[in-house]
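Values quoted throughout were computed directly from the atomic coordinates according to the rules given, and no laboratory measurement underlies them. Predicted model, so just to flag it, every value in this text is computed and none were measured. Methodologically, a virtual Cβ is constructed for each residue, glycine included, from the backbone with ideal geometry; neighbour enumeration extends over all protein chains shown.
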Amino acid sequence: MALVNPDFAEELKLYGVDTALECFNCGACAAVCPLIHRQFPRKMIRYAQIGAKEEIMQQAQELWRCLHCGLCTRTCPRQANPGELILGLRRYVVAAWRKG
Amino acid sequence: MFNPRDIIGLLATNIRKTRNPFGVPGSQLNTWWRPAGGFTRRPGAPLLFTGLMYQAIPYLEATTRYLERLEGSPWAEYLRFGRFSRYLPNFLLGRCFSLLTARTGKEKFNGILRSICSLLTKSGVDFFYHPEMDFYSGILLYDLGDQEGFEEHARFVAKALKLHDVKKIITVDPHTTYALKELYPKYIGASFEVEPYFTRLRLPVPEGGSGSRPVTIHDPCFYGRYLNLADAPRQVLRSLGLDYVEVRNCGEFTSCCGGPAESVSPALNREILGRRVAELKASGAPVVTMCPICLANLLKTGLPVEDLASLLDRSWET
């Protein structure tokens, strides 16, 4: 069971992410992503939206599979900037590792 | 896949220590300019800023050869001790790398930088180069999410450039171009006039075309998408009478070659690379690209691939 945190989107702004709540989960990003077989980046964006911090930290390694190629950002119909969101989550995780 | 924490720790340590990701002395990494002779700096002339990316490819190849063997093995865990490389003297790491990197590989990538110089000179572009003003941009730290490390390094680079009163910069690769043009102003407030070399070329229009085989363009993600510069290399090819064919995923919708995954998962890189190579092979024409990471990655597959600068310089001569 995941613990949700509605304030997480606000917290992510510290890491350069201000579009987390724009995403309406259409899946266009996952369809064009070179990592198509891994439900990426959609799953991580969903975790970010609901503030499932534990899931993000547990599966943090997945974030580094992203190639930062920008195809998801270019094709997103909501300008939710999925590529930058993943990069922001990396920053969040790196900061948490350093604090911990 | 390696633990990204270990990779980031190792890279951040190396960059803090030597200002490049490999932990080798800059004087060993950056040697391309030596045979080129001196460069005179005239007032207002832009600095040629290589970002040490082409020079780093033989070192990257040597590193990934070992990472490929380590990935998935019990030895991969020991990578976490990589951050202790800060206790190793730079010259020792440099010596290890010189044993692992072939002279021919270094010459090949250094030759691309000399071709860029030659093209700019033939285009009448007034520019200068000084190895003490040429640094790695820190882009890998940014891509891996080490924002603190990236900003610290970017401040160091920007401070050195400002100290030398550098205002205009000519870049040679998409990653450095993106870092200097977009990220430095955004994150550390340092702005320069940044242009990639191929936008400055003024090439002669040949009579009746060049008669050479068409090439397939592999657009790097950062030129094609992030910087919206997919048209400029095509214009340059056209102006030299060189034909090109497009693949299905090109320009702003280009497919990634997988190179960015190389540091954390060489296996993932191979998977993505295989798919891109299949797309490029479909054209049947030799490939041309303009990114050192893409070039090195595509070369691994045995695909006939060449850097844009080498092709342009050779075509101009003929």
Any idea how far apart residue A:3 and residue B:191 come out in nm if each label point goes 7 Å out from Cα toward Cβ? 4.5
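Please give the FRET efficiency for residue A:61 paired with residue A:13, using the beta carbon to beta carbon distance and R0 = 41 Å, rounded to the nearest 0.05. Numbers along the way, then the final one.
Working: r = 24 Å, r/R0 = 0.59.
The pair residue A:61/residue A:13 has a calculated efficiency of 0.95.
Quick one: grab the alpha carbon gyration tensor of the stretch B:132-266, order the square roots of its eigenvalues as a ≥ b ≥ c, and give me rounded if a/c is under 1.5, else prolate or oblate depending on whether a/b is larger than b/c.
Numbers: a/c = 2.94, a/b = 1.55, b/c = 1.90.
Judged from the Cα gyration tensor, the stretch B:132-266 comes out oblate (a/c at least 1.5, b/c at or above a/b).
Taking chain B, how much of its Cα-Cα pair set, in percent, is spaced more than 23 angstrom apart?
Within chain B, distances greater than 23 Å cover 57 percent of Cα pairs.
In percent, how large is the relative contact order of chain B, given Cα pairs closer than 8 Å and 6 or more residues apart?
20
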Highest mean packing first, using Cβ neighbours within 10 angstrom, the peptides B:178-187, B:241-250 sort as B:178-187, B:241-250
How many nm is it between the label spots at residue A:39 and residue B:148, if each spot is 7 Å from the Cα in line with the beta carbon? 3.2
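Give me the one-decimal Kirkwood hydrodynamic radius in Å for the stretch B:251-318, with the sum taken over alpha-carbon pairs.
Values: mean 1/r = 0.0790 Å⁻¹.
One decimal place: 12.7 Å for the Kirkwood radius.
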Assigned charges on the beta-carbon of Lys, Arg, Asp, Glu; the stretch B:255-318 dipole about Cα centre (debye): 260
Cα-derived Rg over Rh, computed across the protein assembly as shown with Rh taken as Kirkwood radius: 0.96
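Based on the mean of other Cβ atoms within 10 Å per residue, sort peptides B:124-133, B:36-45 so the most packed one is first. Walk me through the intermediate numbers first.
Working: B:124-133: 15.7, B:36-45: 10.5.
Result, highest mean Cβ count within 10 Å first: B:124-133, B:36-45.
Compute the FRET efficiency between residue B:3 and residue B:270 as 1/(1 + (r/R0)^6), taking r as their Cβ-Cβ distance and R0 = 25 Å, and round to the nearest 0.05.
Working: r = 19 Å, r/R0 = 0.77.
That gives a FRET efficiency of 0.85.
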For chain A, inverting the pair-averaged 1/r of distinct alpha-carbon atoms gives a Kirkwood value in Å of 13.3
Going highest first, how would you order A:84-90, B:281-287, B:117-123 by mean Cβ packing within 10 Å? A:84-90, B:117-123, B:281-287
Stretch residue B:202-residue B:128 to full length: gain in nm at 0.36 nm per residue minus the Cα-Cα span? 24.9 nm
Can you give the FRET efficiency to the nearest 0.05 for residue B:315 and residue A:75, using r as the Cβ-Cβ distance and R₀ = 35 Å? 0.50
Mean Cα-pair separation over length for the stretch B:194-300, i.e. relative contact order, pairs under 8 Å, 6 or more apart, %: 32
Which residues in the stretch B:281-318 have a backbone N closer than 12 Å to a point placed 7 Å from the Cα of residue B:245 along the Cα-to-Cβ line? B:281-287
With each pseudo-label sitting 7 Å past Cα toward Cβ, what's the residue A:95-residue B:163 distance in nm, one decimal? 3.0
Stokes-Einstein translational diffusion, the stretch A:1-59 - Kirkwood Rh over all Cα pairs, 0.890 mPa s, 25 °C, in µm²/s: 205
Translational D in µm²/s for the stretch B:187-318 (Stokes-Einstein at 25 °C, 0.890 mPa s, Kirkwood Rh from C-alpha pairs): 157
Toward the positive end of the charge dipole of chain B, about the Cα centre and with charges on Cβ (Lys, Arg +1; Asp, Glu -1), which of B:66, B:282, B:261 goes farthest? B:66
Cut-off under 5 Å, modelled amide H: who pairs with residue B:215 long-range: B:243, B:244, B:245
